1. Consider GLY91 carefully, then state whether it is closer than 28 Å to LEU141 by Cα, in contact (Cβ under 8 Å) with a residue 12 or more places away in the chain and over 16 Å from the mean Cα position of the chain (by Cα).
2. Would you confirm whether any residue within the stretch 128-138 is in contact with a helix residue (DSSP H, G or I) (Cβ under 6 Å, 6 or more places away or on another chain) and within 12 Å of VAL7 (Cβ to Cβ)?
3. Confirm whether GLU143 is crowded, with 16+ Cβ neighbours inside 10 Å and of a type outside the set (Ser, Thr, Tyr).
4. Name the single residue that is farthest from ARG90 (Cα to Cα) among those in the stretch 1-15 being hydroxyl-bearing (Ser, Thr, Tyr) and surrounded by fewer than 24 Cβ atoms within 10 Å (Cβ to Cβ).
5. Going by the structure shown, is GLY88 modelled with pLDDT under 95 and not hydrophobic (A, V, I, L, M, F, W, C)?
6. In the stretch 134-179, which residues are polar (S, T, N, Q) and over 11 Å from VAL111 (Cα atoms)?
7. So for the stretch 106-125 (the condition being closer than 25 Å to GLU41 by Cα and touching an Asp or Glu at 6+ places or on another chain (Cβ under 7 Å)), does at least one residue qualify?
8. Scanning for something within 22 Å of ASP140 (Cβ to Cβ), in contact with a strand residue (DSSP E or B) (Cβ under 9 Å, 6 or more places away or on another chain), modelled with pLDDT of 95 or more and among the hydrophobic types (A, V, I, L, M, F, W, C), does the stretch 21-28 turn up at least one residue?
Amino acid sequence: MTEIYGVTGMPLSGKTTVAEMMEEDGFTVLDMGEVVRIEMEKRDIPAEKTGDFVNQMRDEHGMDAIAQLSVPYLEEITAEKDRVVITGMRGWNEKERFEEETGEDLEIIGVWTSRKTRKERREERQREEDVKGDGFHERDLREIENGVGKMISLSDHMIKNDGITIEELEEKVKDVVKS
């Protein structure tokens, strides 16, 4: 049996940080955002077109299109590992796709952070899609349209990642994984 968690949240909420903390606890990370970046690079699509690429994939292949792209990466991981965390899940259809493909139930961890804190993190992080992609508000709206709000609302676990230290976040993550 494979233990699989999905991590969801708005951009810059701390999904990757939560996954990295789980990685330190023995989980292997599948980052759906990284899958998108790899697949765009294979197709010579620039980072500023991330939103267009994701929307086109969903228009052509359904709302679980990014999960479909990620399944081969997940299969490669689960062939060797039995503890996996998938970060960057946006929609319920993605959860269903992963459960269908693996035969395992996924537990979803929602990570919530205020808009103010997320904006501050955007300025600090300066990842290419943050600088060249959609504006902050436009990106939030796109994420909500793609189902992240529903995903957060239906999460099995919720972590508030706002106004806390990294050590406090680490404790919250450990509490979730133990439960």
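1. Values: closer than 28 Å to LEU141 by Cα: yes; in contact (Cβ under 8 Å) with a residue 12 or more places away in the chain: yes; over 16 Å from the mean Cα position of the chain (by Cα): no.
Spelling it out, it is not the case that GLY91 is closer than 28 Å to LEU141 by Cα, in contact (Cβ under 8 Å) with a residue 12 or more places away in the chain and over 16 Å from the mean Cα position of the chain (by Cα).
2. Within the stretch 128-138, not a single residue is in contact with a helix residue (DSSP H, G or I) (Cβ under 6 Å, 6 or more places away or on another chain) and within 12 Å of VAL7 (Cβ to Cβ).
3. Values: crowded, with 16+ Cβ neighbours inside 10 Å: yes; of a type outside the set (Ser, Thr, Tyr): yes.
Criteria met by GLU143.
4. Keep residues of the stretch 1-15 that are hydroxyl-bearing (Ser, Thr, Tyr), which gives 2, 5, 8, 13.
Checking which are surrounded by fewer than 24 Cβ atoms within 10 Å (Cβ to Cβ) leaves us with 2, 5.
Details: THR2: 21, TYR5: 13 Å.
My answer is THR2.
5. It is true that GLY88 is modelled with pLDDT under 95 and not hydrophobic (A, V, I, L, M, F, W, C).
6. Start the filter on the stretch 134-179 by keeping residues that are polar (S, T, N, Q), which leaves 146, 153, 155, 161, 165, 179.
Those that are polar (S, T, N, Q) and over 11 Å from VAL111 (Cα atoms): ASN146, THR165, SER179.
7. yes
8. Just the residues of the stretch 21-28 that are within 22 Å of ASP140 (Cβ to Cβ), to begin with: none.
The answer is no, given that none of the residues of the stretch 21-28 is within 22 Å of ASP140 (Cβ to Cβ), in contact with a strand residue (DSSP E or B) (Cβ under 9 Å, 6 or more places away or on another chain), modelled with pLDDT of 95 or more and among the hydrophobic types (A, V, I, L, M, F, W, C).
The values are calculated or read from the model by the stated rules, or taken from the named source; none is laboratory data. Model, not experiment: these values are computed from the prediction. Virtual Cβ from ideal backbone geometry, glycine too; neighbours counted across all protein chains shown.
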